[in-house]
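First up is the structure itself, then whatever we jot down about it.
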Amino acid sequence: MGNQFRDKYGETSACIILTDISFNIIDINGHARNFFNPDIIEYKKINIATQFGFSVVNISNDILLEILTKKRKWIGKVSLSLKHRNIEYYDAKISLNTVKNKPQLLIQINSPKNNQHKSDSDLLFNNHFKKILNASSEGYALMSKDYIIESINKRAQQITRITHGQSMQVGHSMFEYLPEEYHGYCIGITEKVLSGEKVRLTTEYPGLKGKKTYLVTDYLPAFDDDGNITGVIIHTVDNSEQYYNKVLIEQSAFRMRSILNSTNEGIAMISLDYKLMEFNEKMSSFLKTIFKINKKGKIGADFFDYIVPERKEVIKGVFDRVVLGEKIDLQHKFFDKWMLASYTPVKDKEDNVIAVCISIRDISELIGNQKLLEHREVLYNTTLNNLAEAVVLLDDKFRILQINQTAEHLFQTDLNSFTDTTGFSLAKLGFNAENSDDNVYLNHHNWKKIDEQKRDIVVYRVSENVRKAFLVNISVINIINDSKYQSKQFVISLRDISSVEKMSETINQLSLIARKIPNGVLITDKDDYIQWVNNGFTQMFGYEPDEVIGKKPKDFLEGAETDPSTSLLIINKKKKRLVFSCEILNYHKNGQKVWVELSKQPVFDNKGKFIQYYTLQTDITERKNLEKQLEDERKENQQNLTRAVYKAYEEERSFLGKELHDSVNQKLTASVFNLSKYIKANKKEPELVSSTLQLVKDSMIEIRNLSRRLVATEFLHIGFEDAIKQITFSTAQSITDFKSEVNISHDCELLLSDDLKVNIFRIIQEQMQNIVKHSNASKVNISASVNKENILSLITIDNGDGFDMLKNKDGIGLMNIRNRVESFNGKCEIVSAPGKGCEFRISFKVK
């Protein structure tokens with residue numbers, strides 16, 4: 001190694017190899033000698049190769065020298081074939097130096113230990129991928145950062161022959177194929193792509209045989225596995241065919257414009273990139289008058305500029321489907337007009353879709369007529385199929401034109417068996433008439449002899465061992481067609497009257513019995529409409545039969561005080577077709593209350609089908625009045641007893657309170673006085689005497705408080721509102737941070753009796769004790785007022801823990817409150833839930 005080379009590269013960590021232009025080794029640095037061992041010295045030569053795209057290609061000396069002359073450096077793969085190693089490829093950078101007018105190559109291998117060797121499988125995969133790209137109809141090329149073509153497929157080479165007059169070759173610079181005036185332009189695009197941008201260019205070239213070529217080229221950044229940009233991908237699509245197809249369409253559209261402008265349909269031709277290529281005058285008129293678009297049609301404008309915003313997404317989906325070859329018709333209402341839009345794909349000779357034709361016409365009148373016909377048809381079919389009668393429409397040869405569902409179910413036979421020769425026949429379907437005159441009309445050939453256009457007959461048929469009766473109506477319709485030819489049609493309807501006959505017989509039998517009994521008797525149909533009532537019903541309620549038949553009992557027998565739950569019970573039982581009895585409050589025609597015991601029995605036909613209800617009514621008004629009288633007396637006695645108990649209780653409390661205050665308290669006061677005097681005279685155990693004195697004082701306070709709690713009437717002397725406030729004040733002293741608010745109207749003081757005041761006082765006292773013991777409340781609101789109807793409303797609300805109304809049973813405190821309320825004929829409502837506090841709503845009638 002020469003001194004100059006050693007001084008410059010001896011300490012470098014990269015492998016440095018110096019060769020001549022034939023790759024004969026001139027010198028290597030120490031790092032290269034250590035890595036490659038003596039093998040590289042023995043061979044005295046290095047092979048240079050680079051990986052272009054998907055295969056490894058050797059570089060000739062001339063090509064490398066040409067690259068280095070222009071660019072002064074080359075980056076690629078270095079191939080080493082050494083004695084103790086397989087062929088390996090290393091990333092290398094080669095620079096051109098000149099020493100004494102002789103060119104030398106300086107090869108730098110930066111990280112041979114981290115070399116990523118291409119395996120045979122990798123190269124095999126790349127070769128397959130190269131075949132795929134070569135089969136593509138689009139051009140692909142890969143250019144390095146140094147503008148060297150590293151890979152190019154066959155289609156890209158074909159395109160460069162058209163655009164540049166020669167095929168691009170791997171290993172050559174891009175600048176070889178561009179005129180010098182385009183070099184700067186190429187560098188600018190490459191710099192943008194290497195910075196991460198994507199660039200698209202649409203270019204026109206003279207092409208071959210005088211036909212221009214239109215190319216769309218995308219310049220995209222190429223990334224390595226680490227996400228670093230390593231070069232530029234050039235993707236080229238020949239758009240010439242689409243361009244010339246577009247030209248042909250435009251020429252064709254121009255020739256057809258005069259034809260399109262003469263039609264009543266709006267016509268527009270749209271390109272595949274949604275541009276308006278052609279439209280007629282009718283389309284312009286529709287845009288303004290129907291679609292209310294304040295834009296004039298303009299060739300080249302975006303098609304979706306003429307679509308209302310809320311329909312753009314739908315139309316975009318339709319357009320994309322048509323581009324794939326599907327023809328689509330859309331109906332849509334714009335203001336008061338119905339429009340039909342037909343989207344049709346326009347195809348070239350090779351069956352490729354090249355545009356979309358849209359034709360629009362006003363179908364408002366057609367839609368109106370169609371909806372009218374559909375509406376009439378629906379009404380007609382619905383009415384026909386909902387008829388209870390079986391209906392058949394026949395032509396003049398007695399062939400079936402139409403038949404409803406009831407008739408199909410009734411006949412239960414193959415109606416196709418009636419041929420043109422035989423025709424529809426009631427006799428063949430098993431019907432016969434007992435009347436000889438009616439039997440004539442079982443032969444359908446006699447229907448033409450019906451002069452009055454209509455005839456009713458009664459026929460019978462035995463089916464499944466059951467004899468049924470039918471009322472048959474035969475109608476004749478004269479039809480005159482356009483040619484004034486007159487023909488006949490026949491409408492046959494059959495109504496099952498078996499149940500009517502049976503019902504009539506049943507009613508006659510029942511009426512003989514029902515007329516003789518004093519109870520009220522009703523017969524109602526399946527929908528609860530009255531069919532028959534007896535004399536007992538008339539005497540019980542004052543209504544004559546003609547006043548109630550056809551009505552529902554509920555509508556005129558029930559009134560304001562009828563229990564809704566009982567009424568609902570009757571409805572539910574009847575829905576389930578059950579036998580049941582109940583008591584209900586009804587009303588006489590004159591408004592008097594009538595208590596009735598109902599016994600209801602459903603009636604079914606021989607097939608188990610419910611047909612009516614039989615109801616027996618018994619007047620129990622006298623019994624109910626007696627029961628109420630006894631209950632009122634029991635309640636009054638109970639209230640008097642409760643009031644007497646509470647009055648005696650209050651008198652006893654008052655007596656005890658006075659005794660405690662006037663007797664015990666005086667004695668304790670004297671004891672305090674004597675003890676105080678003793679302390680002054682005798683100083684022997686002052687602490688004991690002092691503590692005794694304190695206990696006596698505490699006893700006096702407790703007795704005083706007890707006296708106040710027991711003697712409610714004395715608190716009332718200070719006023720009703722102040723008495724209530726005194727209770728809440730005493731409670732507030734025993735609970736930290738407890739707040740209370742009391743609002744008692746002035747009317748309470750004036751209108752309430754002393755007994756009621758004491759009762760309310762005890763109720764609030766009980767509520768406050770419950771709040772202290774159980775609620776953990778910090779606030780209570782108490783209000784009392786008398787309204788215009790002289791109803792006292794007492795409301796107590798706390799913000800405590802509350803309780804579950806369904807789970808918690810009343811304790812002694814709640815029972816006391818309810819008893820006190822009931823003793824004065826009051827009402828008590830408690831509203832509470834866990835975590836929601838508790839609210840008492842108590843009301844009394846003030847006399």
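The values are calculated or read from the model by the stated rules, or taken from the named source; none is laboratory data. It should be emphasised that the depicted structure is a prediction, and the values quoted were computed from it without experimental measurement. No Cβ is skipped: glycine too gets one built from the backbone with ideal geometry, and neighbour counts run over all protein chains shown. These area figures cover heavy atoms from the full protein model, side chains too; ligands, DNA and RNA do not enter into them. Shrake-Rupley method; radii C 1.70, N 1.55, O 1.52, S 1.80 Å.
Quick check: at a probe of 1.4 Å, how many percent of the accessible area of segment 750-847 sits on carbon and sulfur atoms? Spell out each step's value before the answer.
Details: 2710 of 5320 Å².
Accessible surface attributable to carbon and sulfur in segment 750-847 totals 51 percent.
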>> At 1.4 Å probe radius, can you tell me the per residue accessible area of segment 304-396 in Å²?
In response: 61 Å²
> What per residue convex hull volume, in Å³, do the alpha-carbon atoms of segment 153-241 yield?
Replying inline: 109 Å³
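Decide, for segment 784-832, between rounded, prolate and oblate: order the square roots of the alpha carbon gyration tensor eigenvalues as a ≥ b ≥ c, take rounded if a/c falls under 1.5, and otherwise choose prolate if a/b is larger than b/c, else oblate. All intermediate terms of the calculation are to be shown ahead of the outcome.
On the way: a/c = 2.70, a/b = 1.55, b/c = 1.75.
Oblate is the answer for segment 784-832, as a/c is 1.5 or above yet b/c matches or exceeds a/b.
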> Roughly how many Å is it from the Cα centre of segment 716-790 to that of segment 557-629, as a whole number?
Replying inline: 48 Å
>> Students often check this: by mean Cβ neighbours within 10 Å, which of 622-631, 302-311 ranks highest, and how do the rest follow?
In response: 302-311, 622-631
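Can you tell me the relative contact order of segment 546-614? Whole percent, Cα pairs under 8 Å, sequence separation 6 or more. Intermediate results must be reported in sequence, preceding the final value.
Values: 77 pairs, mean separation 16.1, N = 69.
Here the relative contact order equals 23 percent.
Using 32 Å as the Cα-Cα cut-off, could you pick out the over-long pairs in Lys575/Lys807; Lys397/Lys526; Lys100/Lys154; Lys624/Lys845; Lys131/Lys212; Lys488/Lys609?
Numbers: Lys575/Lys807 34 Å; Lys397/Lys526 41 Å; Lys100/Lys154 44 Å; Lys624/Lys845 26 Å; Lys131/Lys212 29 Å; Lys488/Lys609 40 Å.
Correct reply: Lys575/Lys807; Lys397/Lys526; Lys100/Lys154; Lys488/Lys609.
Can you tell me the order of 836-842, 532-538 when each peptide is scored by its average per-residue count of other Cβ atoms within 10 angstrom, highest first? Provide the component values of the computation, followed by the final result.
Numbers: 836-842: 18.7, 532-538: 20.6.
Ranking the peptides 836-842, 532-538 by packing returns 532-538, 836-842.
Per residue, what accessible area does segment 797-847 have, given a 1.4 Å probe and all protein chains present, in Å²? Don't jump to the answer; show the numbers that get you there.
Values: 3200 Å² over 51 residues.
On a per-residue basis, segment 797-847 sits at 63 Å².
Could you tell me what a quarter of the Cα convex hull surface of segment 706-847 works out to, in nm² with one decimal place?
Numbers: hull surface 33.3 nm².
Across all orientations, segment 706-847 yields a mean hull projection of 8.3 nm².
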> What is the percent of Cα-Cα separations in segment 248-399 that go past 23 Å?
Replying inline: 48 percent
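What FRET efficiency comes out for Leu178 versus Ile21 if R0 is 41 angstrom and r is the Cβ-Cβ distance? Round to the nearest 0.05. Walk me through the numbers on the way to the answer.
Numbers: r = 27 Å, r/R0 = 0.67.
Taking R0 as 41 Å, the efficiency between Leu178 and Ile21 is 0.90.
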> If you project the alpha carbons of segment 142-190 onto their three principal axes, what span does each projection cover, largest first, in Å?
Replying inline: 26, 20, 15
>> List the pairs from Lys275/Lys333; Lys211/Lys296; Lys296/Lys333 whose alpha-carbon separation is above 27 Å, in the order I gave them.
In response: Lys211/Lys296
> With contacts defined as alpha carbon pairs under 8 Å and 6 or more residues apart, what's the relative contact order of segment 766-847 in percent?
Replying inline: 34 percent
> Which whole-Hz ³J(HN,Hα) couplings does segment 553-564 yield from phi under the Karplus relation 6.51 cos²θ - 1.76 cosθ + 1.60, θ = phi - 60°, glycine and proline marked x?
Replying inline: x, 4, 5, 10, 8, 8, x, 4, 9, 5, 5, x
> Ranked highest first by the average count of other Cβ atoms within 10 Å around their residues, in what order do 3-10, 813-820 fall?
Replying inline: 813-820, 3-10
> Given Lys573/Lys628; Lys192/Lys316; Lys593/Lys847; Lys739/Lys836, which pairs have Cα atoms separated by over 24 Å?
Replying inline: Lys573/Lys628; Lys192/Lys316; Lys593/Lys847
